[in-house]
Every structure is written in C-alpha cells, then in structure tokens.
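Readers should treat all values here as calculations from the given coordinates under stated rules, not as data from a laboratory. None of the values given here were measured: they were computed from a predicted structure. Counting neighbours? That spans all protein chains shown, and the Cβs are built from the backbone with ideal geometry, glycine included.
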Amino acid sequence: MTQCNPTPHQPVILIVDDTPENITVLGELLQSHYTVKVATDGRRALASAVKEPRPDLILLDVMMPGLDGYAVLARLQDDPATRDIPVIFVTALDASEDESRGLALGAADYITKPIRPPIVLARVRAQLELKHARDRLRDQNQWLEGEVARRLQQNQKIQDVSIRALASLAETRDNETGNHILRTQGYVGVLCDELAGSHFSGLLDAHTVQLITKAAPLHDIGKVGIPDHVLLKPGKLSDDEWRLMRTHAKLGADAISRAIRGESDQSSFDFLHTAIEIAHSHHEKWDGSGYPDGLRGDAIPLPARLMALADVFDALVNRRCYKAPMTIDQAATIIVDGKGTHFDPRVVEAFTNRLGQFATIAERYADND
C-alpha cells in the first residue's frame, strides 16, 4: 500500500503489522480520513514513531516476529518523545488476559481481528479526540504556567524596585547616596554566600539568603524620622543629638511593623519580617555595647549581624561630609580589629575570605563625587 502524504491539520496514524494484507485493509479504511504511515515490524515502528510527521495514534499488531506488540509498547512508553502517543492493539487474540495485559501496559484500546470497519473508525476517532483534548489541555496549562511565571517575575521586579525606591527615600535625606544601598546589598549577599557553605549552612538556605538580600536596602529606612538638623549636621553630634539619631533603628522597624500589622497571612511578608530585624538591630554590637537594645552575641539576629559589618565597611571606604574615604586595606584592618567586640567573629572571617569581592563591589558602585 502506498503511504499517504500528510495534509495540514490531518491526524497521522501509524499502522504496524507484519502481514501486508492487514496493512492494506486498515490503510484503505483509514486513508480517506487520515494521513497513514506503515511499518512491518517492531523496530521500524519505533523508528517511524519519532520521524516527522509523528503519529497521533498507533494501531499496533500484537503477534509479530522479533519485537512483539507488547515489547514495542513498552519501548514507546519508555521514550519521552513517544509515551504520549495513544496505542490501540489490533490482534487476533481474544483471551481476556491478553487484553488485560495490553491495557495494563498502557494501551488505550483493544481491537480484535477480523476487524469491523465501523468499530475501527469509531475507536480511532474516539482516541484521536481524547488526544486532541489532552494536547489542548497540556498547551493551555503550559501557557498558564508561563503566564503565571511571567506575572510573578513582573511583580517581583515591581516589588524590588519599590523596595529600592523606598530605601532611596531615606538616603536622599542623608549624606549617603543611592549607591550605598546597592553596595551594602552586595556585601550582604557575599557574606551570605560565604557563610552558607560554612558556619551557618543550616540557617542560610537559598530562600533565607534571598530574604536577607532583598530586605537589606531597608536597613536605614528609619532615618526619614530624624530631623534634618541632626541627620545632616556635618560636625560631631551633641549627646542629645546622638540620642535622637540612635532612634532611627527603632523608627524603621516600627514603621515596617505598622505596615503589615493586621494582615492575616504574615507568611507573605517574610522578607519584611527580616527587614524589621535588620532595621532594628543592625547597630547592635557583638559585645553588647550597641543600640537600641544592647543585645549581645547570638541574641542579635543573624541578618542584622551581616548588615552591621556591611554598613560599617561601606561607611569607612566612602566619603562623607565629615570624613575622607579610607582605602580597602585600612577599612579591612578596622573590621578585623572589631572581631569579637563590634562584629560576630564568624562574619569577620567570612569578610576576610571575600575581601576581594567587597573591593569589586565598592568599585563597581562607587559614588561620583
């Protein structure tokens, strides 16, 4: 029998049988409705199933030399490229156990010989309609998954930009620049990466690292509540001014807390809970001499300990109206000298191990004086 050429949108059926007469009968029955491909043994069937045009349905004889129908079906099921093609067994076997075996292996249906044309056409049509419905559902699901991913990514970008815009609001009132946000966020990310593979491997999984780095830009959000005459004063602060300046840590944490207070699903704001820890405690010191609560050691939340080092390093290596910038080495010396007093010793070790990356970030996001 001559193999038909495919026409647009016409389903393709692969007939597999080692008897030419059977192929002729089925082919003549189906070729007026479908594009027909043929194979006379199991190996040719497997090869034809992956060649274009790929079949939408396979009519498979069971009793064939070499690879029988059961073996062919098993191979088709094992191949991701062919496992979704429905298979109808066409066989002279009529024992119920043979039919059960075929269906158990994954056959879609079972037709016994001699074939009855109306039965064949009806079952072929039914299986093609089912496949079309499955394919359409799969395509819709893939589109929906892609659309959900796109929307989530879009919302994530909007969220990240909004966080940076909010953080920049505080920076515009300070002597620092928006690049301070980018630098400290980068430093915190480097520290997380180093510590995740050593001291804090159980605490710094990928999700937690993402929360910390996302929340880092909000560390000084409380500065919006500090009066300009204190915040922008170029000289040394008086005792009263310094007490007022120190309130920015609690102001920032309280502002974020109020923003999410009353929300029923607090888990949706896990990065803001991390931001609260950072804003409130990034001026605490390892030896308990920091503010606002005088926390000591591991009582200081880990995200705040990371930000403490990142914030101090950035202040040291960049110009302020009251100081000239230090070199990377000078700043590193001060950080190391603060090990065990100002900073968590393990965080300092992570800093020294990644000093080169700190220098790269400082250069990449350097301020334009």
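For the reader, a short list of remarks on this structure follows.
- Fluctuation leader among THR40, THR333, THR341 - the chain, Gaussian network, Cα springs under 10 angstrom: THR40
- Taking a straight Cα-Cα cut-off under 17 Å and skipping sequence neighbours fewer than 8 places away in the same chain, the aspartates and glutamates within cross-link reach of LYS113 are ASP17, ASP18, GLU21, GLU28, ASP61, ASP68, ASP94, GLU97, ASP98, GLU99.
- Sorted by Cβ density within 10 Å, fewest first, the residues LEU103, LEU26: LEU103, LEU26
- Relative contact order for the chain: 11 percent, from Cα pairs under 8 Å spaced at least 6 residues apart, divided by residue count.
- Neighbour net charge for GLU349 - beta-carbon separation under 11 angstrom, K R +1, D E -1: +1
- Across all directions, the shadow cast by the convex hull of the chain built on its C-alpha atoms averages 28.1 square nanometres.
- Reachable lysines, given that their alpha-carbon falls under 21 Å from the alpha-carbon of LYS214 and they are not under 8 places away in the same chain: LYS157, LYS223, LYS250
- PHE200 sits among other residues whose Cβ lies under 13 Å from its own Cβ, and their net charge, with Lys and Arg +1 and Asp and Glu -1, is -4.
- Fully extending the segment from VAL148 to SER198, taken as 0.36 nm per residue of separation minus the present Cα-Cα distance, adds 14.4 nm.
- Each principal axis of the Cα atoms in segment 12-143 has its own extent, and those three values, largest first, are 43, 31, 29 angstrom.
- GNM result for the chain, Cα springs below 10 Å: residue of ARG116, ARG346, ARG246 fluctuating most strongly: ARG116
- Unit charges on C-beta of K, R, D, E only; dipole of the chain, Debye: 720
- Per-residue Cβ neighbour rank within 10 angstrom, fewest leading, HIS273, HIS219, HIS342: HIS273, HIS342, HIS219
- Between LYS323 and THR19, residue separation times 0.36 nm minus the direct Cα-Cα distance comes to 100.1 nm.
- Sum of side-chain charges, ASN155 neighbourhood, beta-carbon under 14 Å (Lys, Arg +1; Asp, Glu -1): +2
- Shown here for segment 255-328: GluC sites (Glu not before Pro) in loop regions (DSSP other than H, G, I, E, B) with at most 15 other Cβ atoms within 10 Å, namely GLU263.
- Helix-derived mean residue ellipticity, 222 nm - over the chain, DSSP H n ≥ 4, -39500 (n - 2.57), to 500: -18000 deg cm²/dmol
- Counting other Cβ atoms within 10 Å as a rough exposure proxy, the listed residues ILE361, ILE115 run ILE115, ILE361 from fewest neighbours to most.
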